[in-house]
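So the structure is just underneath, and the comments pick up after that.
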Amino acid sequence: KQREDIRNIAIIAHVDHGKTTLVDELLKQSGVFRENQEVRERVMDSNDIERERGITILSKNTAVTYKNTKINIIDTPGHADFGGEVERVLKMVNGVVLVVDAFEGAMPQTKFVLRKALELGLPVIVCVNKIDRPEARPTEVIDEILELFIDLDADDEQIEFPLVYASAKSGYAIVELEDDHKNMKPLFEAILEHIPAPVGDPDAACQVMISTIDYNEYVGRIGVGKVDNGVIKVGMDAVVVNAHDPERVEKVRINKLYEFDGLDKVDVKEASIGSIVAISGIADISIGDTIASPENPQAIPFQKISEPTIAMQFLVNDSPFAGLEGKFVTSRHIRERLFRELNTDVSLRVEESENGDSFKVSGRGELHLSVLIENMRREGYEFAVSKAEVLYRRDENDKLLEPMEVAYIDVPDEFTGAVIEKLSMRKGELRNMSASNGGYTRIEFAIPARGLIGYRGEFLTDTKGNGIINTAYEGYAPYKGDISYRKLGSLIAFETGEAVTYGLFSAQERGVLFIGAGEKVYAGMIIGENAKAEDIEVNVCKTKHLTNTRSSGADDALRLSPPKILSLEEALDFIETDELLEVTPTHLRIRKKILD
Ligand code: GDP
């Protein structure tokens, strides 16, 4: 049976292409104003529930009502998948709106999510936004999108996508370029017409699978999911079951149920098939859990949440410079922030060291952790991080296993060779290569996760910033053998100094190595085989300068190749193994000095 009064959609858009403006405009034109929200929040903050509402402004879901139809808009993660997140979110919806800037065109970064949506057979409405821009080139952009769809193996129906043009900023959408500019109605209509209403059996036993977790300090964990079958009601007894955990059978009573309305969550007494609901009061509710009727406690199958594959140490900054660049420096601050993150991120693990001065944070790949690090730094947390390490496992015969990733890469044709060479050196295996649109080549590599550590910086250099790389976890596979890096040169000197981290300049001609920790710090260097004596410089810096530089491009490069502290012994080992190290030169405060 169909719920004609509901549409569940996701919006896919590249950053800055106008998703927020568009959703705001849809809200506004259906009578909800974000500004009002703040007023209401302040007025009602004495009551827990209202406080909770205030916080739901941050919630990722919004709902607008148009012609008695509730349109639930679910946010999609903007980049590569961290443990099935994209798929879980897309399984709640029956179609997507792809928002594309009328000048910039479709950006390769949106491909990952778009591909998933197409694979799941979802219809896509294309919304070419910012057509008011003087340099807008909507017709070309549409051709590019069409090529992209073909490239991503869209089926015939998906390729004949419904199209609207919009200026979210001016508040209108149109179907033909010469149409009058009025309001967002054409987009609302396209959603009602082209996105199917959700289906399910309202008379069957209740099943709600939790797809995302919200967290609120007053009510704790809030599970969000779609009612797949039956009806969920306040006051009913239910069981929580999980397809990947047969042991999990928890009896619960549903005490609090919400639906989304505008930017709010509102209390409801019951919800039927197709509704997106939020449920609080189940303390250990987790992603993938199904809330089911006791008479038929069947879990809905879902893609298993991937285990962490990579770990980094987050080190408390105890230098005299602590607090200069951030508000939150103590281990208590960092602990609280990390544990808060665990409430909503199921692919993350945190372990605290005994003395509390470091945290081992494990996650789904280097990018996953980089995003967390960047968010924390933006919020004012100050800490150093170690280089990422992969988490190995053993199979039942005690054979060493390592995590594998698939890298989806789009590069301008001229850089294809360099990229393939580098990834092959890092034990990558070429799976697929094809011409893509606009002089780009698409390459697919299976590669050990350790082969990707520190690779993104190199990739950006090798492709002059024009390449796009997205990675997805593939599973554990037998260890692929040691990676042999190029020989870089030899250690020529040591000196006590203030350096507490290492960095290596250009991998070709020369490199500089910083080693040591605390009071006893050495600076040494290795130089490339072709380097001359006058090329040699020693760069002495403090970890702090490396880890807290916040200029955008530089910060990006840094978090992708975080510095690491080595003991002298480790440093000597390192020299023997010729391990490849990378860091960007922009971060180093340079004191030039020649050593003999
Ligand atoms: P998001 O990152 O996709 O959520 O993008 P935003 O909604 O924040 O928009 C990014 C920028 O584009 C903002 O400065 C908006 O004002 C601007 N913008 C959004 N929609 C339009 C539009 O239709 N026309 C023009 N000219 N600018 C727009």
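Descriptive notes on the structure:
- Under 5 Å, built H, 5+ apart or other chain: amide partners of Ile12: Val97, Leu98, Val99
- Simple Cβ-charge dipole of region 405-482, Lys/Arg +1 and Asp/Glu -1, about Cα centre, in debye nearest 20: 160
- Region 151-268, accessible area per residue, ligands and nucleic acids excluded (1.4 Å, Å²): 46
- Region 106-134 and region 415-469: distance between their alpha carbon centers, rounded to Å: 23
- Charge dipole of region 150-214 about the Cα centre (unit charges at C-beta), most positive-ward option of His181, Gln207, Ala154: His181
- Label zone (Asn68, point 7 Å along Cα-to-C-beta; backbone nitrogen cut-off 14 Å) within region 241-273: none.
- Highest-first arrangement of 151-162, 93-104, 230-241, 10-21, where packing means the average Cβ count within 10 Å: 93-104, 10-21, 230-241, 151-162
- Added length on full extension, which subtracts the Cα-Cα distance from 0.36 nm per residue, Glu176 to Glu119: 17.6 nm
- Whole-angstrom gap from region 216-244 to region 140-169, using each part's C-alpha centre: 36
- Local electrostatic count, Glu336, Cβ distance below 14 Å [Lys/Arg +1, Asp/Glu -1]: +1
- Backbone geometry of region 214-223 corresponds, through the Karplus equation with coefficients 6.51, -1.76 and 1.60 at θ = phi - 60°, to 3J(HN,Hα) couplings of 9, 9, 9, 5, 7, 10, x, 6, 10, x Hz, x marking Gly and Pro.
- Its Cα centre serving as origin, region 72-214 has a Cβ charge dipole (Lys and Arg +1, Asp and Glu -1) of approximately 540 debye.
- Across region 8-15, coupling constants 3J(HN,Hα) worked out from phi with the 6.51/-1.76/1.60 Karplus curve, θ = phi - 60°, read 10, 10, 10, 10, 10, 7, 6, 3 Hz, and Gly and Pro carry x.
- Amide H contacts for Asn242 (H built 1.01 Å from N in the peptide plane; partners 5 or more residues away or on another chain; cut-off under 5 Å): Arg248, Thr290.
- Region 348-429 shape via C-alpha gyration tensor axes, a/c threshold 1.5: oblate
- The length gained on full extension between Lys233 and Lys185, counted as 0.36 nm times the residue separation minus their Cα-Cα distance, comes to 13.9 nm.
- For the pair Lys304 and Phe339, the difference between a 0.36 nm per residue extended length and the Cα-Cα distance amounts to 10.4 nm.
- FRET efficiency for the pair Tyr479 and Glu157, taken as 1/(1 + (r/R0)^6) with r the Cβ-Cβ distance and R0 = 60 Å, rounds to 0.85.
- 21 Å Cα-Cα threshold exceeded, pairs from Lys28/Lys91; Lys233/Lys304; Lys70/Lys91; Lys226/Lys304; Lys304/Lys427; Lys169/Lys464: Lys28/Lys91; Lys233/Lys304; Lys304/Lys427; Lys169/Lys464
- Amide H contacts under 5 Å for Asp261, placed H, 5+ residues apart: Ala63, Val266
- HN-Hα J in Hz across region 116-126 - Karplus 6.51, -1.76, 1.60, θ = phi - 60°, x for Gly and Pro: 4, 4, 5, 4, 7, x, 7, x, 10, 9, 8
- Magnitude of the charge dipole, region 208-358, Cβ model with Lys/Arg +1 and Asp/Glu -1, debye to 20: 280
- Cα gyration tensor shape of region 381-454, rounded if a/c is under 1.5, else prolate or oblate by comparing a/b with b/c: oblate
- Among 194-204, 407-417, 439-449, the peptide with the highest mean count of other Cβ atoms within 10 Å heads the list, and the full ranking is 439-449, 407-417, 194-204.
The values are calculated or read from the model by the stated rules, or taken from the named source; none is laboratory data. Just so it is clear, the model here is predicted, and its values are computed rather than measured. So basically every Cβ, Gly included, is an ideal-geometry build from the backbone, and we count neighbours across all protein chains shown. SASA here: full protein model, heavy atoms, side chains in, ligands and nucleic acids out. Shrake-Rupley method; radii C 1.70, N 1.55, O 1.52, S 1.80 Å.
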